[in-house]
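Trainee: To start, I am sharing the structure in question, which I have written as structure tokens.
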Amino acid sequence: MAGSLNRLTTLGTKKTLLQLFSANSRNLFLKAPIGQNFSPNYRSYYTFVTIKRSKLFSRRIGTFVALICTAGGTGISYANTLGFGFGTGSSADQHPPKAEGVNVESAKRVLTYEDASQLRLTLYQYQVCPFCCKVRSFLDFYGVKYDIVEVDPVMRRELKFSEYRKVPILVQKDSKGNEIQMNDSSVIISALTTFMSTDQKDLQLITTYYPKVTTESKSFWGRKTVEYMNRYNIMLGKPGRSKAENVHCREEKKWREWVDGVLVHYIPPNIYRTPTEAVQAFDYISEMSHYGSVKKLFSKYFGAAGMYFVSKGLKKKYELKDDVRQSLYDASREWMAAVGEREFMGGSQPNLADLAVYGVLSSFEGLDAFNDMVRETTIGPWYQRTKQAVISHKGSMNN
Ligand SMILES: N[C@@H](CCC(=O)N[C@@H](CS)C(=O)NCC(=O)O)C(=O)O
């Protein structure tokens, strides 16, 4: 099956951003061409799709403004992501008690050929958003094919079809052209897991199990906050799980909540810890997001400067230690203590908690914060095992 997969082969954005913004530009933010072979070294299992853009700005002055906005916007979107509160809130801030370390295999969830043939998925994402990385790690592990639309973090025009203004969004298009939209990384993962592991194959119906709750934010910016109920619940429909399976499900759910409520908030204060690290992080973000050279330069300095200061606020908000690395190390150690002697928390294969922790950590793999964490804790071997399982689609029906 691997041979038939599409993947991103080269970075298709050859024009500079100045050219792209010039009066004659018709297709802004062209994405990469489509290749045919899957490389196990490449992290994901997808095809980039091209979004046609109408002219955004016709004058070069627009370029300058747009670049500054992009840098700032990337930072603000990322800060919003992680609950800094530019009009959005975060959920699941509960710190779970220590896991019992249950020694039971997670029930094998497999995507059958029949299920897979029903799925035509498109992921709207930012390449380095931890929540998007989490969804990709899930899809890749199960060998689910999907297209990717990289969203521009400032204009977010690619999301204009949706009321929900965050990424990831996963859209399923059935053979009749009906579209089903799934929002929120954890809802996406829970809904697809429900689809895979039960007789319920009506994805539209499954999404109704995760109803939207909108609350008015009390913040100065006063925007509405959208949350989804049951987001960590797999809807099995019928009882009859063994006691051990129930314990396993509770453990898996608790640690998935921990990822969104705790772990993810430790990332920005660590990757933007010093001005040098902030520049390194923005270099990485622009590289991974395939920014053009001018956009890269602006995002590197404006974005890095902005996020350096924003991350100080996040450090305070989420009560990280003075030396923020220590909080990251504590989190890694806590996770490894929960995994215990097991190969994965899920036993001999990753469960949804393994995939969530891996996905979120993979968003800053290679940066100083990541390397320090691997050096100072025992998380490295587990991380590599999980990565291997994800990139080789260990959860797919072929394995
Ligand atoms: N709870 C959501 C959080 C998603 C999120 O915050 N995404 C960020 C990008 S990493 C975003 O779209 N931020 C834009 C904004 O908040 O305006 C999830 O798990 O998917």
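The values are calculated or read from the model by the stated rules, or taken from the named source; none is laboratory data. Computed from a predicted structure; not experimentally measured. For neighbour counting, all protein chains shown are included, and Cβ atoms are generated from backbone atoms with ideal geometry for every residue, glycine included.
Trainee: Taking the conditions exactly as written (of a type in the set (Val, Ile, Thr) and touching a residue at least 60 places away in the same chain (Cβ under 8 Å)), does Val360 satisfy them or not? Reasoning before the result, please.
Mentor: Working: of a type in the set (Val, Ile, Thr): yes; touching a residue at least 60 places away in the same chain (Cβ under 8 Å): yes.
Considered against the rule, which asks whether it is of a type in the set (Val, Ile, Thr) and touching a residue at least 60 places away in the same chain (Cβ under 8 Å), Val360 comes out as yes.
Trainee: Quick check on my filter: what residues within segment 221-242 are modelled with pLDDT under 85 and either of a type in the set (A, V, I, L, M, F, W, C) or outside any loop (DSSP other than H, G, I, E, B) (or both)?
Mentor: Within segment 221-242, Trp221, Lys224, Thr225, Leu236 meet the criteria.
Trainee: Now a separate question. For segment 353-373, give me the residue count where each residue is surrounded by 17 or more Cβ atoms within 10 Å (Cβ to Cβ) and assigned to a helix (DSSP H, G or I).
Mentor: Residues flagged as surrounded by 17 or more Cβ atoms within 10 Å (Cβ to Cβ) and assigned to a helix (DSSP H, G or I) within segment 353-373 amount to 14.
Trainee: Checking Ser217 against (1) within 16 Å of the ligand (Cβ to nearest atom); (2) loosely packed, with under 14 Cβ neighbours inside 10 Å; (3) over 26 Å from Gly359 (Cα atoms), only one condition comes out false. Which one?
Mentor: Here Ser217 clears every test but (2).
Trainee: Do any residues in segment 318-338 that are over 24 Å from Thr386 (Cβ atoms) and outside any helix (DSSP H, G or I) have Cβ atoms under 7 Å from those of residues that are at pLDDT 95 or above and hydroxyl-bearing (Ser, Thr, Tyr), where the two are at least six apart or on different chains, and which pairs are they?
Mentor: Every condition considered, the pairs that remain are Leu320/Tyr266; Leu320/Ser327; Lys321/Ser327.
Trainee: Look at Val247 and say whether it is assigned to a helix (DSSP H, G or I) and in contact with a helix residue (DSSP H, G or I) (Cβ under 6 Å, 6 or more places away or on another chain).
Mentor: Here the answer is no, as Val247 does not meet what is asked.
Trainee: Let me ask something additional. Pull out all pairs, ordered by first then second residue, where Cβ-Cβ is under 9 Å, the residues are six or more apart or on different chains, the first lies in segment 155-184 and is at positive phi and in contact (Cβ under 8 Å) with a residue 40 or more places away in the chain, and the second is within 16 Å of the ligand (Cβ to nearest atom) and of a type in the set (Asp, Glu).
Mentor: That search, which allows pairs on different chains as well, returns Asp184/Glu227.
Trainee: Kindly indicate whether any position in segment 185-192 is surrounded by fewer than 21 Cβ atoms within 10 Å (Cβ to Cβ) and away from the ligand (no atom under 13 Å from the Cβ).
Mentor: Looking through segment 185-192, none of the residues is surrounded by fewer than 21 Cβ atoms within 10 Å (Cβ to Cβ) and away from the ligand (no atom under 13 Å from the Cβ).
Trainee: The conditions are (1) within 14 Å of the ligand (Cβ to nearest atom); (2) closer than 20 Å to Ala356 by Cα, and Ser197 fails exactly one of them. Which is it?
Mentor: Of everything listed in (1) within 14 Å of the ligand (Cβ to nearest atom); (2) closer than 20 Å to Ala356 by Cα, Ser197 misses just condition (1).
Trainee: Residues Thr198, Thr207, Thr193, Thr225: which one is in contact (Cβ under 8 Å) with a residue 60 or more places away in the chain and within 21 Å of Ala116 (Cβ to Cβ)?
Mentor: Answer to the selection: Thr193.
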